[in-house]
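Colleague: Sharing a structure here in C-alpha cells format.
None of the figures in this text is laboratory data; all of them are computed from the coordinates on show. None of these values were measured; they are calculated from a predicted model. Positions of Cβ are generated from backbone atoms using ideal geometry, with glycine treated the same way; all protein chains shown enter the neighbour counts.
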C-alpha cells in the first residue's frame, strides 16, 4: 500500500492580485498594487498613475536602459552607479526594490536590504516591506515607484503614513484570505 502524495510548498500555485484604489485627497491619482503570493514569500509592486497630463505618472522609464529618442536625447543616470536618478521630464523612475524578511529569533524584528535604491522612494519602500514581513511572517520583495506629490498636502508625512497604512491593510487582508 502506498502513501498518498504529500503536497509541498512548491506544489502550491501562485496567486496574483491586481488592485487599484484612489489616493485620498487627490482628484485623479490612483494607487496600483500588483501582489503575487507564493508559498514562501510575497512579491508586491506599487505605483501611482494620474489622469492629469501635467503630472502624468503612468509612463515608466528604466534608468540607464532606455536612452532612445523618446527621452529627448537626455542622459539618464543609473542610480546603481552612484547618485540619484536623473529621469527626464514626464517620466517616472523605476523606483526602489527592497527585500525584507522576518527575523527567525525575534518576531518583532525584520531584516531588510535594498536591491535597487532610489533615494526618492527608498525610505517608504523599506518601511512598507519591513511592516509586511513582520506582520505576515514571510519574506517580502517590494518594488515601489509611488509618487505622492499629487496629494493635497504634496505628499506630507501624514499623507504618506496614511498610504502606508492603507497598503499594509489591503495586502494583509488579501494575504489572510489566500491562506484560508
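Colleague: Just rank 101, 161, 146, fewest to most, by other beta-carbon atoms within 10 angstrom.
Modeller: 161, 101, 146
Colleague: Listing 167, 157 from the residue with the fewest other Cβ atoms within 10 Å to the one with the most, what is the order?
Modeller: The most exposed by this proxy come first: 157, 167.
Colleague: Let me ask something else. Which of 164, 131 comes first, and how do the rest follow, when ranked by fewest Cβ neighbours within 10 Å?
Modeller: Ascending Cβ contact count within 10 Å gives the list 164, 131.
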